[in-house]
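Read the structure below first, then the notes.
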Amino acid sequence: MSPTDLAVQQQQARSGAQRVVNDFSIQVATVNGSGSQTANMVLLRSILLMGVPVSGKNMFPSNIAGLPTWYTIRASKRGYIARKKEVDFLVAMNAETAKEDVLTLEPGAAVVYDEPLKLSALRNDLVFYPVPFDTLVKPVCPDAKLRRLVKNMIYPGILAKLLGIDLALMEKALGKQLGKKAKAVVLNAAALKAGFDYAEANFTKQAPYSLEAMNETAGKILIEGNQAAAIGCMMAGVTVVAWYPITPSSSLCESLIGYMKKYRVDKDGKATFAVVQAEDEIASLGMVIGASWAGARAMTATAGPGISLMGEFAGLAYYAETPAVIFDVQRVGPSTGLPTRTAQGDLLQIAFLSHGDTKHLMLIPCSVEECYTMAQDAFELAEQFQTPVFVMMDLDLGMNNWMADGFKYPTAPINRGKLLTKAKLAEIGEWGRYKDVDGDGIAYRTIPGDGLPASFTRGSGHNAKGQYSERPDDYVENMDRLNRKFATARRFVPKPVVQTNPKAKVGFVGYGTSHFAIEESRDQLREETKVETSYFRLRAYPFTDDLAAFVDAHERVYVIEQNRDAQLLQLMKLELTPDRQKKLQSVLHYNGLPIDARSITDEVLAREGFDVAKKTATRMSAGTAGGE
Amino acid sequence: MATPVKMNRIGLEPQIYKGGKTTLCAGCGHNAISERIIDAFYEMGIDPKQVIKLSGIGCSSKSPAYFLGGSHGFNAVHGRMPSVGTGALLANHKLIAIGISGDGDTGAIGIGQFVHLMRRNLPIVYIIEDNGCYGLTKGQFSPTADLGSKLKTGVVNDLPPIDTCALAIELGATFVGRSFSGDKKQLLSLLKAALAHRGTVMLDVISPCVTFNDHEGSTKSYAYAKEHDDPVEDVTFVPYFEDISVDYEPGSTQEVTMHDGSKLYLKKLEEDYDPTDKLIAIRRLHETARRGEFATGLIYIEPDRDDFLTLLNVVDEPLATLPLDRVRPGREALEEIMEGLR
């Protein structure tokens, strides 16, 4: 380190800065494929082990190695786990983005950086900690080929010292992360220590950020939404899985395969499940429909482009009334571009996916817990209603690590829906595949091999008996019954979570991962400007009846979404009266990064007539232009 | 005195194997194929309750409604029957699957799923009712139409055909045959053998479209098919449950033992034909096509390769009906997973 850096740094340090404890964000900027994910997880887990609520978000490129990647870790004593817009502590390891990363920081932020990048001259309102990573890694890692990876384990050590994380705790986190790879543990522990020792010897604490032990994370797990959904599928008794790799959904099926191999294989080595990597998403859904038709609990997972391809089959399943569970881990738009960035952009597409009159059930989890529970709900509803059920996740939820309570073991047995039995057949007399025996729009079905009467399954052209028909009255009767079935579903899909504040004139409607930013924004509004809000968290489509009542109870309703076209608001308009529609306004966030509280707060305050000083030097530089 | 009722080996009458009344054109080759399918299932003594009938879209794909009325059927979307069939068999590997497709349903919109079905060697009897045109949309060419074949309107096909048999052999199907809807004996033998095979059976059956492609200048007309049918061997199938021995002069007949013990006796019509040799089979297809003819019979067979469901190594019971305690791991499993995440 150059002595001049330290001198500059001492001048810049904000004198009298308040200590900021357990409430800041760290952003690590590295090169994709350089092994930084392990280092980031060690850092994240260390904070969790200190009992401090924490969240981590990966902002990565569509690339295996070489392009810039950012990881943000947020420690929050109040338990906020949405993305924090402002970066408080930057770890700059990537030459390509370092300059912009530094220039976009808020004054007073701290920067740990790779010394040769010479960043300290860029700003005089930041705290700089230059670290000669290449020099430090050499004695730790004699094997030159591994140095590029081991080098990244030095910065958690530096941060341990600067933020106040016990090194032993960090080593414990490292052990958890690397598991049984003993050699790697030794090597990386040495790197952690090298970082810690260097910081101890060379830095005095300048930046105000520090961590102190709390007791808020006892028993908590760290898990990705895709993993959580996979566990849910396994507990739901899934037997057939067909999938086609696509970011950001691949890890859902991959984790599922991992869990199933461990927990769903009999002693003789035979599996109680079948997984097929199909030739495309069309075939994936075709296999799921075929398997469900033949009585299996079957699922697939995909993202928006896969959903588009599944359109025709989704319509067939709706009309033929076969169950299907489809996870859509939503991401930004088509083809090359931002497939590794998050969005909530598939709502409208899925609500009416396919041709003719179709509508589909959607479940919308906001958290890893709900990924787990709604995965199970999805199988129940798909079989109960004999129709496709879409679980609307997103990249932020699916691929990031979230802190959660341990999942509860399901207590209810599985319900396979209206499968005809001999007893039921005797009771109803004449069976028809599409006959509405109970008046709820749901008919009884038989499955191949069950020995009960068979039927010939087709798309739109059938009568109540399941016979081929092109008669207008048969078609109308069938379509009306499908509508009755959809209406029945309103009573069975997960209900919204409504927090009504009697003092509030403003209501928020949100869904999915926007939830955490919305909760934080409501606190900001209350604490900073005394604006009270109510909150309606939507968890499913079709809507339940209480949406209209919520709109009635408020003067202005902000519908908060992570897409450009206000997709939920459009769906709401289809069901709400014109008077209610007039109350709706959109708050939209669609830059590929997870939504944050400050963006919501600023937008709402501006609409509410407050003078919002745009503080924005806060643009986050998690993105690249040009060059591929 | 009542005539004794005709029954098969599992005690079912022929009537059970029939389906609904056909809505295809009178004289359509597809109807003849449906009849042979009825005969084959009856004679093999297969319980219709264990059979699933699958199809895509087109005239051919309507035909599963016209046989085995007591079996479940699924008329899926255009070109995507293979995936639906795959899923159904994953759910219940005890089912016997027959898929009916057409030359457009397979060769055009469905070529992707066809390719992967063949690769997987899924145990299914996949039949292409091949008339070289789209009947249900009034006679456009399909990808199996031969070069130079003429539509009624005088339009001449100037693209080379896809030979679905050569393609299937190349891709890994383990039982590949071609026949003609008008050849009752050969088609029935092939169908019965197909039902004894464990793996993907691909049968391309030339099945003239009497309305749109049965005229002078068409290479898929009845007249053309009759004149240019070039069998590679004479097929005799003896199922395992029939105690029949076939005598033949050494060297004159190739005997193939199938997975279930059934036997195929392939009487040689030419000295060097060997349907267990991929290269010979593909060479023969090409040579015959070059002469403007089509090779029929059992073109290729690989009786022993593991099928897709065997490779997946699933439990013996159908996955579809496994009880809760087999498909939901216990509390300790979830606790172990949770502990690993703490």
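Assorted remarks:
- Restricting attention to the range A:399-428, the residues that are within 26 Å of the chain's Cα centre (by Cα) and among the hydroxyl-bearing types (S, T, Y) total 2.
Table: residues versus (1) of a type in the set (F, W, Y); (2) within 13 Å of the chain's Cα centre (by Cα); (3) surrounded by fewer than 24 Cβ atoms within 10 Å (Cβ to Cβ); (4) in a helix (DSSP H, G or I).
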residue	(1), (2), (3), (4)
B:A32	no, no, yes, yes
B:G87	no, no, no, yes
B:L90	no, no, no, yes
B:K94	no, no, yes, no
B:D105	no, no, no, yes
B:G112	no, no, yes, yes
B:H116	no, no, yes, yes
B:R119	no, no, yes, yes
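- Residue in the range A:300-311 that is within 9 Å of chain B (Cβ to nearest Cβ) and touching a Leu at 6+ places or on another chain (Cβ under 6 Å) present: no
- Scanning the range B:155-205 for residues that are touching a His at 6+ places or on another chain (Cβ under 8 Å) and part of a helix (DSSP H, G or I) returns B:A166, B:A196.
- Search result, residues across the range B:287-325 that are part of a helix (DSSP H, G or I), in contact (Cβ under 8 Å) with a residue 40 or more places away in the chain and more than 14 Å from chain A (Cβ to nearest Cβ): B:T288, B:A289
- The one condition in (1) facing chain B (nearest Cβ under 7 Å); (2) in contact (Cβ under 8 Å) with a residue 60 or more places away in the chain that A:A283 fails to fulfil: (2)
- Given (1) modelled with pLDDT of 95 or more; (2) in contact with a Cys (Cβ under 8 Å, 6 or more places away or on another chain), index of the condition B:G132 fails: (1)
- Of all the numbered requirements in (1) touching a Pro at 6+ places or on another chain (Cβ under 8 Å); (2) within 25 Å of B:P208 (Cβ to Cβ), B:P231 misses one, and that requirement is (1).
- A:A207 falls short on exactly one of the conditions (1) touching a strand residue (DSSP E or B) at 6+ places or on another chain (Cβ under 8 Å); (2) among the aliphatic types (A, V, I, L, M); (3) modelled with pLDDT of 95 or more, and that condition is (3).
- Residues that are among the charged types (D, E, K, R) and surrounded by fewer than 18 Cβ atoms within 10 Å (Cβ to Cβ), drawn from the range B:320-342: B:D325, B:R326, B:R331, B:E332, B:E335, B:E336, B:E339, B:R342
- Checked against the criterion of being in contact with a Lys or Arg (Cβ under 6 Å, 6 or more places away or on another chain), surrounded by fewer than 17 Cβ atoms within 10 Å (Cβ to Cβ) and farther than 30 Å from B:N8 by Cβ, the candidates B:G217, B:G251 yield just one match: B:G217.
- Pair list, Cβ < 9 Å and 6+ apart or interchain, from the range B:68-87 residues that are more than 7 Å from every other protein chain (Cβ to nearest Cβ) to residues that are crowded, with 24+ Cβ neighbours inside 10 Å and of a type in the set (D, E): B:H78/B:D105; B:G79/B:D105; B:M81/B:D105
- Answer from A:R481, A:R491, A:R458 - the residue that is farther than 23 Å from A:E561 by Cβ, surrounded by fewer than 16 Cβ atoms within 10 Å (Cβ to Cβ) and either modelled with pLDDT of 95 or more or not assigned by TED's automatic domain parsing to the domain that holds A:G315 (or both): A:R491
- Test result for A:G295, over 24 Å from B:I57 (Cβ atoms), buried (at least 24 other Cβ atoms within 10 Å of the Cβ), small (G, A, S) and touching a residue at least 40 places away in the same chain (Cβ under 8 Å): yes
- Any hit, the range A:469-483, residues being touching a residue at least 12 places away in the same chain (Cβ under 8 Å), under 30 Å from A:E370 (Cβ atoms) and of a type outside the set (D, E, K, R): yes
To keep it simple, each residue is scored yes or no on (1) within 23 Å of B:I109 (Cα to Cα); (2) among the hydrophobic types (A, V, I, L, M, F, W, C); (3) buried (at least 19 other Cβ atoms within 10 Å of the Cβ).
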position	(1), (2), (3)
A:A236	no, yes, yes
A:L252	no, yes, yes
A:S255	no, no, yes
A:V265	no, yes, no
A:A271	no, yes, no
A:D280	yes, no, no
A:I289	yes, yes, yes
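- Every condition in (1) outside any helix (DSSP H, G or I); (2) among the charged types (D, E, K, R); (3) out of contact with any strand residue (DSSP E or B) (no Cβ under 6 Å at 6 or more places or on another chain) is met by A:K193 except one, and the failing one is (1).
- Test for A:Y475: is it surrounded by fewer than 20 Cβ atoms within 10 Å (Cβ to Cβ), closer than 23 Å to B:N75 by Cα and touching a strand residue (DSSP E or B) at 6+ places or on another chain (Cβ under 7 Å): no
- One residue stands out among those in the range B:273-317 that are over 16 Å from B:G177 (Cα atoms) and in contact with a helix residue (DSSP H, G or I) (Cβ under 7 Å, 6 or more places away or on another chain): the one that is surrounded by the fewest Cβ atoms within 10 Å (Cβ to Cβ), which is B:G292.
- Close Cβ contacts (under 7 Å, 6 or more residues apart or on different chains) running from residues in the range A:581-606 that are outside the structural domain of A:Y71 (by TED's automatic domain parsing) to residues that are assigned to a strand (DSSP E or B) and surrounded by fewer than 20 Cβ atoms within 10 Å (Cβ to Cβ) comprise A:K583/A:R556; A:Q585/A:R556.
- In the range A:393-439, residue surrounded by the most Cβ atoms within 10 Å (Cβ to Cβ) [restricted to those that are more than 13 Å from chain B (Cβ to nearest Cβ) and under 26 Å from A:L44 (Cβ atoms)]: A:M393
- The set of residues in the range B:65-76 that are in a loop (DSSP other than H, G, I, E, B) and surrounded by 23 or more Cβ atoms within 10 Å (Cβ to Cβ) comprises B:L68, B:S71, B:A76.
- No other residue among A:P3, A:P68 is surrounded by 21 or more Cβ atoms within 10 Å (Cβ to Cβ) and modelled with pLDDT under 90 apart from A:P68.
- Qualifying positions in the range A:200-242 - small (G, A, S) and either within 11 Å of chain B (Cβ to nearest Cβ) or farther than 28 Å from B:R328 by Cβ (or both): A:A201, A:A207, A:S210, A:A213, A:A218, A:G219, A:A228, A:A230, A:G232, A:A236, A:G237, A:A242
- Condition check for A:A303: within 28 Å of A:P453 (Cα to Cα) and buried (at least 24 other Cβ atoms within 10 Å of the Cβ): no
- Of all the residues in the range A:436-464, those that are in contact (Cβ under 8 Å) with a residue 24 or more places away in the chain, over 40 Å from the mean Cα position of the chain (by Cα) and more than 18 Å from B:K62 (Cβ to Cβ) number 3.
- Yes/no for A:E430 being in a loop (DSSP other than H, G, I, E, B), out of contact with any His (no Cβ under 6 Å at 6 or more places or on another chain) and among the charged types (D, E, K, R): yes
The values are calculated or read from the model by the stated rules, or taken from the named source; none is laboratory data. Computed from a predicted structure; not experimentally measured. Every residue, glycine among them, receives a Cβ derived from its backbone with ideal geometry; neighbour counts consider all protein chains shown.
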